[in-house]
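In what follows, a structure is listed as structure tokens, so that the remarks can point back to it.
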Amino acid sequence: MAKTPLVTDGTVFFIFGGTGDLTSRKLIPALYNLYLDGWMPPRFAIIGLGRTSLNNDQYRDQLAKGVNQFSRRGKADAGQWKAFAEHIEYQVSEISSLDAYALQAETIQRYRSEWKEDPIVIYYLAVAPRFFTTIAQNLARQGLARELKKSRIVIEKPFGHDLDSARALNKLLCSIFEENQIYRIDHYLGKETVQNLLAFRFANSVLEPIWNRNYIDHVQISVTEQLGVEDRGGYYDEAGALRDMIQNHLLQLLCLVAMEPPVSFQADEIRNRKVDVLRAMRKFDAEAIKKGAVRGQYGRGWLEGKEVPAYREEKGVNPSSNTETFAAIKFFIDNWRWQDVPFYVRTGKRLHQSASVISIQFRDVPHLIFPTETLESWQQNRLIISIQPEMSIRLQVQAKRPGLEMMLNPVDMIFDYHGTYPDQSPEAYETLLLDTMLGDQTLFMRGDQVEVAWELLMPILNAWERKKSLNFPNYTADSWGPEIAEALIARDGFHWFTLPVNNRYGG
Ligand code: BG6
């Protein structure tokens, strides 16, 4: 084992939804990788909870398949998996039945006696949101939330369906747990490249003087996906791109770009600065929605040589659905640093490329001394932070092309993660699960943060709900989304940034 574990207390992990997709694709591979890397506590137990009747061996075999398929390390070594799997047990559990929680209490007691210590107990809710309330209430009834320092609850997104439901859920959770026991997951915050935004901005002195409206022209945050809704049609049709991606992941990225320097690296200090950004964001009225918010829905098309169905033809989706699978929004932050700097945010499914990229475009040179014939393609300086799949930071500058003539074109100065750090980076869930065990909430959403994000988007959600889109579907698979999204940014004289192919910009 490579490391001295940071968590020294015995830890019991209950996973509600233990037989579900998230558990086998993400949670168990992440815990297994933490184990291989020596980050798991010396004493730990993972208890999968589900309705299916399985014994421990059957459950472990099921999880092994998930690890073999989804772990970043690929197929598990039989010996190492066996050693890890001995920490896993399964309990048949009915979410609404108090007996299940009595059994959990007994399990904790069993480990307490065996380990001779009060363990950290984590309840991970990898279940549909409609079960959150029942689970929290039943944990409380069984007295399982009482250990303020040692018991924690982890809630997956979506956290609420709108402002009212998010408030109600916060209210309920806070009546049972303290805020510092509640871990609201936004898995984007666990991504290596997203965490690096804090390091990049606040550990380098050259950026701060230019990180403001005097030097920055506009910011783009783009999370595009080639995937459609897959088998999540039922959930997605009730959600849509605004709820599924912008309310959480994209607004979190925006906060990291826009926040003021925190005084320290303390969870609440960082979360306070993010909430400040959300509070300063300009509210949307009818006019701002008309000019600055567009939506789209994908139709049929071809992707990598395969015909793919329209959104309305996907499983679980209403054939006349009005749900958006694409959204682009222009935000403003009304404060000294960012007044009048547009933040363009877009996300969508079934697009041409899967890429999450932040592009910060700087103001143009005040005076151009070069004749226009020397310019192959002029581009204002840009800082491009690529989150995935490419993990890089590029500073795009104009440079002279070698040769006897003075010819300028844009080139990139690149920091490439894989080039600099050839070792694999941990997956987001590894970071987040370790932080949960450590009791570090920096990368989790605080209750007020979730609510302000909903508050900001409610006018758009309501307007889109009231006024159905008449032209859905309005983009085909393998495109960059609807034309109105191009128009949204083109009106201001910009265009959406896409990563260059083979490190060369097309112009
Ligand atoms: C999830 C959304 O939160 O994030 C999905 O519900 C989306 O619709 C996914 O596909 C994207 O995550 P990642 O890590 O693949 O960019």
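Structure above, values below:
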{"quantity": "Subset of the range 162-185 that is of a type outside the set (S, T, Y) and not in a helix (DSSP H, G or I) - its residue that is surrounded by the fewest Cβ atoms within 10 Å (Cβ to Cβ)", "calculated": "E178"}
{"quantity": "Identity of the residue in the range 221-257, assigned to a loop (DSSP other than H, G, I, E, B) and either in contact with a helix residue (DSSP H, G or I) (Cβ under 7 Å, 6 or more places away or on another chain) or more than 8 Å from the ligand (Cβ to nearest atom) (or both), that ends up farthest from A203 (Cα to Cα)", "calculated": "D231"}
{"quantity": "Evaluation of S175 against (1) over 21 Å from T442 (Cα atoms); (2) within 16 Å of the ligand (Cβ to nearest atom) (one fails), failing number", "calculated": "(2)"}
{"quantity": "Every pair of residues 6+ apart whose Cβ atoms lie under 7 Å, when the first sits in the range 453-481 and is in contact (Cβ under 8 Å) with a residue 40 or more places away in the chain and open to solvent by 30 Å² or more (accessible area, probe 1.4 Å) while the second is of a type in the set (S, T, N, Q) and part of a loop (DSSP other than H, G, I, E, B)", "calculated": "K468/N322; P473/Q297; N474/Q297"}
{"quantity": "Cβ-Cβ under 6 Å pairs, at least 6 apart or on other chains, the range 259-272 side farther than 17 Å from F444 by Cβ and acidic (D, E), far side open to solvent by 30 Å² or more (accessible area, probe 1.4 Å) and modelled with pLDDT of 95 or more", "calculated": "E260/R273"}
{"quantity": "Tally, over the range 280-330, of residues that are loosely packed, with under 13 Cβ neighbours inside 10 Å and assigned to a helix (DSSP H, G or I)", "calculated": "4"}
{"quantity": "Residues located in the range 133-143, provided they are assigned to a loop (DSSP other than H, G, I, E, B) and open to solvent by 20 Å² or more (accessible area, probe 1.4 Å)", "calculated": "Q142"}
{"quantity": "Which numbered condition L404 fails, given (1) open to solvent by 70 Å² or more (accessible area, probe 1.4 Å); (2) in contact (Cβ under 8 Å) with a residue 24 or more places away in the chain", "calculated": "(2)"}
{"quantity": "Where a residue in the range 421-441 is over 15 Å from A267 (Cα atoms) and its partner, wherever it lies, is outside any loop (DSSP other than H, G, I, E, B) and open to solvent by 40 Å² or more (accessible area, probe 1.4 Å), with Cβ under 6 Å and at least six apart", "calculated": "S425/E192; A428/H187; Y429/K26"}
{"quantity": "Output for the range 194-220, where each listed residue is within 16 Å of the ligand (Cβ to nearest atom) and open to solvent by 10 Å² or more (accessible area, probe 1.4 Å)", "calculated": "Q195, N196"}
{"quantity": "Criterion: surrounded by 14 or more Cβ atoms within 10 Å (Cβ to Cβ), polar (S, T, N, Q) and in the same structural domain as V257 (by TED's automatic domain parsing) - qualifying residue of S425, S354, S377", "calculated": "S425"}
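Per-residue answers, yes or no, for (1) under 30 Å from M245 (Cβ atoms); (2) of a type in the set (K, R):
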residue	(1), (2)
S96	no, no
Y111	no, no
W115	no, no
R141	no, yes
L148	no, no
Y183	yes, no
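The values are calculated or read from the model by the stated rules, or taken from the named source; none is laboratory data. Everything numeric in this text was worked out from a predicted model, so none of it was measured. Quick reminder, even Gly has a Cβ in these numbers, built from the backbone with ideal geometry, and neighbours come from all protein chains shown. Side chains are part of the model used for accessible areas, which takes the heavy atoms of the whole protein and leaves out ligands, DNA and RNA. Shrake-Rupley method; radii C 1.70, N 1.55, O 1.52, S 1.80 Å.
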